[in-house]
Amino acid sequence: MLKTKICGVEFKNPLMLAAGVLGSSASSLNRVLREGAGGVVTKSFSKEPNKGYKNPTTVGVEGGIINAIGLSSPGVDVFLDELIKVEKEKDQVLIASIYGSDCEEFEFLVDKIQNEVDMIELNISCPHAMGGCGSAIGQDASLTYNIVESAKSNSKVPVVAKLTPNVTDIVEIALSAQNAGADGLTLINSLGPGMKINIDIAYPVLSNKFGGMSGRAIKPIAVQNVYKVFEVVDIPIIGVGGISDFEDVLEFIFAGASGVQIGTSIMNEGIGVFNQINDDLKDFMENRNFGSIDEMVGLAHRV
Ligand SMILES: Cc1cc2nc3c(=O)[nH]c(=O)nc-3n(C[C@H](O)[C@H](O)[C@H](O)COP(=O)(O)O)c2cc1C
């Protein structure tokens, strides 16, 4: 009943681990897969190693957390060794999240990893990336087009573009990604930037001062982005932002998401959240006579 297809790839259920949380090593990805996730997204990685920002890189705030990790990455050669060790069932999906600053880097990364993964997610949306990466790309419709087109140019696996909500009009960026050949979209990366001041020392908490907001507080914004983009695109949407229970998942699905990702709430709820949500989702669908996830996607748009 929970089985579903996204971008032509079979998922045993619509729940995925979001990029950046527990996704740095094969052992943590394997743990999440054993705990019932339909798919896992790796932490974003780049061609060359990147140290990211100094600590502190995360801080708890009202309704979530702010992080400015700065896309720390060991580089693709090290990450490839982890991808090879991921153990999953046939209908569990491994998604690599990659980032870079130009078309050549994205093309290089796609080429290097595509035999080891089922899908690729382009992180063109991180609000605290360094050096022309992340939202520097995803806030510009033509850069988005060029990066997606390059990544797609020699990819054998589906490519989804992860977009930032920190734009004037996400619809324009979503259409640009779709026109460049994206197989799907992930909405949304963290919101902001935001900041937290330590009042004892009258100073910003994060070493980078500003970071992206995630967790419960951003859910209504994420749902609205999914709803708005669903009305104009005809490629699947993966929803993410503030999900912690099955009711949150349903909101995203009814708004138009074919699958969802879960990040911050794992820090509070633990990885048992995947099995819990799957059980609750199944109960809901049985009680309401829904036979498949597909039947529910975008239901909130009916006239
Ligand atoms: C600590 C942390 C690290 C993150 N790292 C990444 C990353 O490497 N790549 C990425 O695309 N998104 C990253 N994100 C964003 C999440 O994947 C997700 O889009 C966002 O947190 C909203 O979902 P959530 O509220 O369920 O966490 C990160 C989020 C957090 C909290």
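The values are calculated or read from the model by the stated rules, or taken from the named source; none is laboratory data. All values reported here derive from a predicted model rather than from experimental measurement. Don't worry about glycine lacking a Cβ; one is built from the backbone with ideal geometry, like all the others, and counts go over all protein chains shown. Accessible surface is based on the protein model in full, side chains and every heavy atom, while ligands, DNA and RNA are left aside. Shrake-Rupley method; radii C 1.70, N 1.55, O 1.52, S 1.80 Å.
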Report summary line: Those residues of region 201-223 which are aliphatic (A, V, I, L, M), within 10 Å of the ligand (Cβ to nearest atom) and touching a Ser or Thr at 6+ places or on another chain (Cβ under 8 Å) amount to Met213, Ile218
Query raised in the report: Can you name the number of the only condition in (1) exposed (fewer than 14 other Cβ atoms within 10 Å of the Cβ); (2) part of a loop (DSSP other than H, G, I, E, B); (3) free of Cβ contacts under 8 Å to residues at least 60 places away in the same chain that Ser292 fails?
Result: (3)
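Look at Phe284 and say whether it is aromatic (Phe, Trp, Tyr), in a helix (DSSP H, G or I) and crowded, with 21+ Cβ neighbours inside 10 Å. Steps first, please.
Details: aromatic (Phe, Trp, Tyr): yes; in a helix (DSSP H, G or I): yes; crowded, with 21+ Cβ neighbours inside 10 Å: no.
It is false that Phe284 is aromatic (Phe, Trp, Tyr), in a helix (DSSP H, G or I) and crowded, with 21+ Cβ neighbours inside 10 Å.
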Report summary line: Log entry, pairs with first residue in region 49-66 being closer than 26 Å to Ile243 by Cα and in a loop (DSSP other than H, G, I, E, B), second being open to solvent by 70 Å² or more (accessible area, probe 1.4 Å) and near the ligand (Cβ under 10 Å from one of its atoms), beta carbons closer than 9 Å, six or more apart or on different chains, reads Gly63/Arg216
Report summary line: Matching residues in region 97-133 (within 11 Å of the ligand (Cβ to nearest atom), of a type outside the set (Phe, Trp, Tyr) and either within 18 Å of Val21 (Cα to Cα) or open to solvent by 60 Å² or more (accessible area, probe 1.4 Å) (or both)) number 11
Requested in this report: Quick one: in region 196-246, of everything that is in contact (Cβ under 8 Å) with a residue 12 or more places away in the chain and charged (D, E, K, R), which residue is least open to solvent (accessible area, probe 1.4 Å)?
Outcome: Lys219
Report summary line: Flagged pairs (Cβ under 8 angstrom, 6 or more apart or on separate chains; first in region 124-142, on the phi > 0 side of the Ramachandran plot and in a loop (DSSP other than H, G, I, E, B); second within 13 Å of the ligand (Cβ to nearest atom) and of a type in the set (Phe, Trp, Tyr)) are Gly134/Tyr99
